[in-house]
Structure formats: C-alpha cells, structure tokens
Amino acid sequence: MAQLNLAAIAAVAGQVAWEKAKPVIVRDVVLLPALGFLGIIVLWWVVALVNHELMPTPPEALIANLDYILNPFYQRGPGNLGIGWLLLASLRRVLLGFLLGAVVAIPVGFLIGMSKNAMLTLNPIIQIFKPVSPLAWLPIALAIFNLADPSAIFVIFITSLWPTIINTALGVSSVPKDYLDVARVLEMPRWRQILKIILPASLPYIFTGLRISLGIAWLVIVAVEMLTGGIGIGFFVWDEWSRLNLSSVFLAVLVIGLTGLLLDYVVGKIQELVTHRPRTSN
C-alpha cells in the first residue's frame, strides 16, 4: 500500500513539474524561434519592396518555387532535375570527402596527441595548410584528377582534415595522466590503453572536430560546385542567379541551411549513442 502511495505521489509530482515546465518549453522551443524567423521574413519583405524589380517578396518566392517544393525529385530530361536530386548529389560528395578525411584525421590526431616527436613534425604542416582557402585547392585538384567530381571530393577531404586532427590531438593529450599511470602499473599493452582509456576519454573532442569538419565540408561544397558546374545544389544557385531567378536562390539557401542543421543534428545523435552522454551545444 505504501508503494502505491509513493507511486501516486511521484506521478502527481511529475505532472505538476510538467505543467510548470510546459510554458517555458513552448516559449523557448516554439515562440522565440518563430519570432526570429518572422523577423527575417519581415526584413526580406522590406528589402524586396525597396528593390522589387529584382528581388521577390516571400509570397512571390513561394509561388514561384511551388514546383520545386511539391516535386523535388522530378526528372525532365538531361540536366533538368528536381532540387532533391541536386541535394543528394551534393550530399554524396560531402559525405565521401568527409568520411575519407575522418579516416585519415583521427589516426593522425592520435599520433600527434601521443607522440611529442610527431607533434613537432606535423604541427608546422598543419599550421601552414590550415589557413589555406578551400578554393585554392581546387585548381590543384583539377590538375590531378582532370574531372570535376573527384576534384570536389578532394577539396572536401583536404579542408575537413584540420578541425578533426586538432580536436583529436587535443583530446588525446588531455587524458588524465593518472589513468595512464594506473594502466602502466597494471602492465596494460599500449593498444589496450588506446582502446580502453585514451579513445573513450577523447570521444567528445573527436566528435566536436567531426561536427566542425562536416559543417565546413557542407559550406565548401556549395562554392566548389559553383566553379566546377555539373549536378549539385551549388551549381543550382549559380545557374539560377545567372538567370536572375532570385526566387530559386532563396529556396536553395533555405534548403542548404536546413540540410546543414540536419547533418549537425545527426552527428550529435551519433555522439550521444557512442559516448552515452548528452552532447553540449556549440
């Protein structure tokens, strides 16, 4: 009987707490973000009215883009594809370059974090190449591959390396020395120290680097596709601008932003599953 009373009290307390928290959740999750988006739309509307010859208002852009929105995966001949296909083409390039970069960057980050000699050898190279603009790599990639698609993937690969390398090295070097001392006392092999101690302690840093790298990769692909052409959301932006069709450009900007948000959310969820800890907001 006492257990039933405690359960009932807990249920009532939970309901009361939810009723108190509900207004705060509605305000923080719904009202304030909606207010921010409304401000952007109002600003867009005002600028469009001032320069109406070129820039459409939000309702005009919505009407002009209904075909893209309602039929994102249409195929109406060579090169005439819906925005969904263009988005998938860009995502394929980004994910290939990003995954290749992660395969290289994580081991290199571990090497730098665990070896002072490796850090002294590789750190100058990283500091030289890290500030180089992604588009500066494009002519080199085109000279190597002589094709637009692998060149775009190479640019994504090279520019997504640095944040993951740096954050992985920071995570490895930040592992508490006491943990490693205990492992040495227990005569734990080096590979086992890496798997059981260093890797779990470094995972939050590694995922932070991966999230930054993926954000940079998605940012870069749009600029690269503008220059290389072909099928992709970046070339779509440039092509529509060349036709002075700003309605489609606004749609592409929205799609690019939402896709970047979704990619970051997915990596954050993977981080929660792997580390068993809620991710911190960046």
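None of the figures in this text is laboratory data; all of them are computed from the coordinates on show. A quick note: this is a predicted structure, and the numbers were derived from the prediction, not measured. Cβ sites come from the backbone with ideal geometry, for glycine too, and all protein chains shown count toward neighbours.
Going from the fewest other Cβ atoms within 10 Å to the most, the residues Val224, Val108 appear in the order Val108, Val224. Largest mean-square fluctuation among Ala34, Ala201, Ala48, in a Gaussian network model of the chain whose springs join Cα atoms under 10 Å apart, belongs to Ala34. Extending 7 Å from the Cα toward the beta-carbon at both Ala136 and Arg76 defines two label points whose distance is 4.3 nm.
Can you give the helix-only mean residue ellipticity at 222 nm for the chain, where every DSSP H stretch with n ≥ 4 adds -39500 (n - 2.57) and the sum goes over all residues, rounded to the nearest 500 deg cm²/dmol?
On the way: 13 runs with 219 residues, N = 282.
The per-residue figure over the chain is -26000 deg cm²/dmol.
Of Phe73, Asn167, Gly229, which is farthest along the charge dipole of the chain in the positive direction, counting Lys and Arg as +1 and Asp and Glu as -1 at C-beta? With unit charges placed on the Cβ atoms, the residue in question is Asn167.
Mean-square fluctuations from a GNM of the chain, with a 10 angstrom spring cutoff on Cα atoms, peak among Arg93, Arg190, Arg211 at Arg190. Put in order of Cβ neighbour count within 10 Å, fewest first, the listed residues Leu135, Leu96, Leu54, Leu161 become Leu54, Leu135, Leu96, Leu161.
Here is the tail figure for segment 206-255: Cα pairs spaced more than 15 Å apart come to 51 percent of all pairs.
Values [x] 16; [y] 11; [z] 39 are given for comparison; percent of Cα pairs over 35 Å apart, derived from the coordinates here, is the one labelled [z].
Here the dipole of the chain is about 960 debye; that uses its Cα centre as origin and unit charges on the Cβ of Lys and Arg (positive) and Asp and Glu (negative). Under the simplified labelling scheme, the Ile63-Ile194 pair shows an inter-label distance of 6.3 nm, with each label point 7 Å from Cα along Cα→Cβ.
For the chain, the number of Lys pairs separated by eight or more positions or lying on different chains, with C-alpha atoms closer than 29 Å, is 8. In terms of other Cβ atoms within 10 Å, Tyr205, Tyr179 run from fewest to most in the order Tyr179, Tyr205. Build a GNM of the chain with springs between Cα atoms under 10 Å apart, and of Pro107, Pro33, Pro189 the one that fluctuates most is Pro33.
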